[in-house]
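Chemist: Take this structure, written in C-alpha cells, and hold onto it; I'll ask about it next.
The values are calculated or read from the model by the stated rules, or taken from the named source; none is laboratory data. Since this is a predicted model, take the numbers as computed values, not measurements. Positions of Cβ are backbone-derived with ideal geometry, glycine not excepted, and every protein chain shown enters the neighbour counts.
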Amino acid sequence: MKNIHDLPRVVLGVYPTPFYKLENISKKYGKNIWIKRDDLCGVALGGNKVRKLEFLLADAKEQGCDVVFTTGGAQSNHAMLTAACASRLGMKPILILKKRGVTEHKGNLVLDDIYGADVRMMDTDSYDDIYAEMHRVGAELEAQGHKCYYIPCGGSNPLGAVGYVNCVREFTVQALAAGIKVGHIVSATGSGGTTAGLLLGAKLFQPGVKVTGIAVDTDPFSEIVPQLAKESAEILDCSFEREKDDFEMVSHVGAGYAVPNAEDTPYIEELARMEGILLDPVYTGKAWSGMLKQLQSGYFGEEDNLVFVHTGGAAALFAMNLG
C-alpha cells in the first residue's frame, strides 16, 4: 500500500479537526455519540470538500492548470469551497451551477463572489449538460493559452475520496488517544465520495466498523460508493474486500434534494441548543436527523461509540428556511 502522504497534496485545511463526545446528546439518547468536526477545517465556513480538494488541486497544479471548473446546485458548498481553495492557489475558479434551489444572491452565492469565482447558472436538471458546457467553455479558454482542470460534482471521484481515507486515519489516532473503540461511522451522502473514503478508510484503519451513509439525494449510492472506494483503493495500491454488513445506505431525502424537511428542524435546533453546533437543512441536518431516527428504531444495535462526521454546509442556513 502507498502511504497517503506520498500522493501529491496541497495542505489547505487546519488538521486534525476536533473529535469529541457530545455529552448532552449522548445522555439524552442513551448512546455514546462522538462527532468529527470537519466543519471546523479552517477554510471558509468549513466542510468535507477541503480534504478532497487537497488532492484534486494538487493534481491540477502538477498538470500546470490555471483554471478550475466545478459544479453543483446553486447553493453548493463544494463549489464555494472550490472557489476558496482554487483562488488561494492562484487558479481561476469557474462554477457552472444548476439553476435549482435558492438562486438569489444569498448564502454560498455571496461567498462565491467574495472568493472571486466566475459563476454561471444553467437551467437544467442534467449534470451531463453541465459537464458538456464546462468542456465547451474550457476549450475556448485553452485556445487562449489557459489550461483547465475539471472537478466533478462534490469532488466525488477516486482521487477526491482519498481525502476521507485520510480522515479515518486521523480520527483513528484521536479515538486511540481518547481511549475509545469506534463502533459505527455515519455521514451525509450527497455525491458519494466522502462516504466512499470513509468506507475504504474503515477497511484500512477501523476493521470491522460499519459505515452508514444517509442519502440526501436519489442517486444509486449503494452501487456508487463501493465502486468509488474500490477505485480509490487502486490509487493507494491496496485491496478492497467487501464483508457482510460493512456498509449500508439509508435514504432521508424527504421532499427532494436541497429541499429542507420540516421534520428535521427539531433535531437541528436540539443539537444547536444542547451542544452549540450548527447543521445545514439539506445535508448535515438531514443526515443527523436520519441517524437519530435510525438510532431510535434500534438500527445501531449494541455498537458503542457512534461517530457522526460533520461535513459542513452552514452557509445554507443563511439562504433558506428550515422548513
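Chemist: Considering 43, 68, which residue is touching a Pro at 6+ places or on another chain (Cβ under 9 Å) and closer than 23 Å to residue 108 by Cα? Show your work before the answer.
Modeler: Values: 43 fails: touching a Pro at 6+ places or on another chain (Cβ under 9 Å).
Exactly one of 43, 68 is touching a Pro at 6+ places or on another chain (Cβ under 9 Å) and closer than 23 Å to residue 108 by Cα, namely 68.
Chemist: May I ask you to list the residues in region 191-209 that are more than 11 Å from the chain's Cα centre (by Cα) and not in a helix (DSSP H, G or I)? Let's see the steps before the verdict.
Modeler: So in region 191-209, the residues more than 11 Å from the chain's Cα centre (by Cα) come out as 199-209.
Matches in region 191-209: 206, 207, 208, 209.
Chemist: Is it the case that region 262-272 has a residue that's more than 24 Å from residue 34 (Cβ to Cβ) and not small (Gly, Ala, Ser)?
Modeler: Initially, region 262-272 is screened for residues more than 24 Å from residue 34 (Cβ to Cβ), giving 262-263.
Subsequent filtering for residues that are not small (Gly, Ala, Ser) retains 263.
Yes, the conditions are met somewhere in region 262-272.
Chemist: Working only within region 228-249, note down all residues that are aliphatic (A, V, I, L, M), within 22 Å of residue 214 (Cα to Cα) and touching a Phe, Trp or Tyr at 6+ places or on another chain (Cβ under 8 Å).
Modeler: Those that are aliphatic (A, V, I, L, M), within 22 Å of residue 214 (Cα to Cα) and touching a Phe, Trp or Tyr at 6+ places or on another chain (Cβ under 8 Å): 229, 249.
Chemist: Only helices (runs of 4 or more DSSP H) wholly contained in region 210-323 count here; list those with 2 or more residues that are among the hydrophobic types (A, V, I, L, M, F, W, C) and over 19 Å from residue 29 (Cα atoms).
Modeler: Because the criterion is at least 2 residues that are among the hydrophobic types (A, V, I, L, M, F, W, C) and over 19 Å from residue 29 (Cα atoms), the helices (runs of 4 or more DSSP H) in region 210-323 that meet it are 221-235.
For (1) crowded, with 19+ Cβ neighbours inside 10 Å; (2) over 21 Å from residue 282 (Cβ atoms); (3) free of Cβ contacts under 8 Å to residues at least 40 places away in the same chain; (4) aliphatic (A, V, I, L, M), each residue gets a yes or a no:
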| position | (1), (2), (3), (4) |
| --- | --- |
| 198 | yes, no, no, yes |
| 203 | yes, yes, no, no |
| 206 | yes, yes, yes, no |
| 210 | yes, yes, no, no |
| 213 | yes, no, yes, no |
| 217 | yes, no, no, no |
| 225 | yes, no, yes, yes |
| 231 | no, yes, no, no |
| 236 | yes, yes, no, yes |
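Chemist: Just a yes or no: is a residue in region 21-35 outside any helix (DSSP H, G or I) and closer than 19 Å to residue 194 by Cα? Don't jump to the end; show me each part of the working.
Modeler: Taking region 21-35 as the starting set, the residues that turn out to be outside any helix (DSSP H, G or I) are 21-22, 30-35.
Still in the list and also closer than 19 Å to residue 194 by Cα: 34-35.
The answer is yes, given that some residue of region 21-35 is outside any helix (DSSP H, G or I) and closer than 19 Å to residue 194 by Cα.
Chemist: Something else: Looking only at region 36-60, how many residues end up being in a strand (DSSP E or B) and touching a helix residue (DSSP H, G or I) at 6+ places or on another chain (Cβ under 8 Å)? Steps first, please.
Modeler: First, pick out the residues of region 36-60 that are in a strand (DSSP E or B): 36-37, 47.
So of that shortlist, the ones also touching a helix residue (DSSP H, G or I) at 6+ places or on another chain (Cβ under 8 Å) come out as 36, 47.
Adding up the residues that qualify gives 2.
Chemist: May I pose another question? If you take the residues of region 298-321 that are surrounded by fewer than 18 Cβ atoms within 10 Å (Cβ to Cβ) and over 24 Å from residue 202 (Cα atoms), which of them is farthest from the chain's Cα centre (by Cα)? Give the steps one after another, and end with the answer.
Modeler: Pass one, region 298-321, residues surrounded by fewer than 18 Cβ atoms within 10 Å (Cβ to Cβ): 298-299, 301-304, 318, 321.
If we keep only those that are over 24 Å from residue 202 (Cα atoms) as well, we get 318, 321.
Working: 318: 19, 321: 22 Å.
Restricting to residues being surrounded by fewer than 18 Cβ atoms within 10 Å (Cβ to Cβ) and over 24 Å from residue 202 (Cα atoms), the top hit is 321.
For (1) out of contact with any Phe, Trp or Tyr (no Cβ under 9 Å at 6 or more places or on another chain); (2) closer than 30 Å to residue 274 by Cα, each residue gets a yes or a no:
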site	(1), (2)
35	no, yes
43	yes, yes
51	no, yes
60	no, no
64	yes, no
73	no, no
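Chemist: Does residue 264 fit the bill of being surrounded by fewer than 19 Cβ atoms within 10 Å (Cβ to Cβ), at pLDDT 95 or above and touching a Lys or Arg at 6+ places or on another chain (Cβ under 9 Å)? Give the steps one after another, and end with the answer.
Modeler: On the way: surrounded by fewer than 19 Cβ atoms within 10 Å (Cβ to Cβ): no; at pLDDT 95 or above: yes; touching a Lys or Arg at 6+ places or on another chain (Cβ under 9 Å): yes.
Criteria not met by residue 264.
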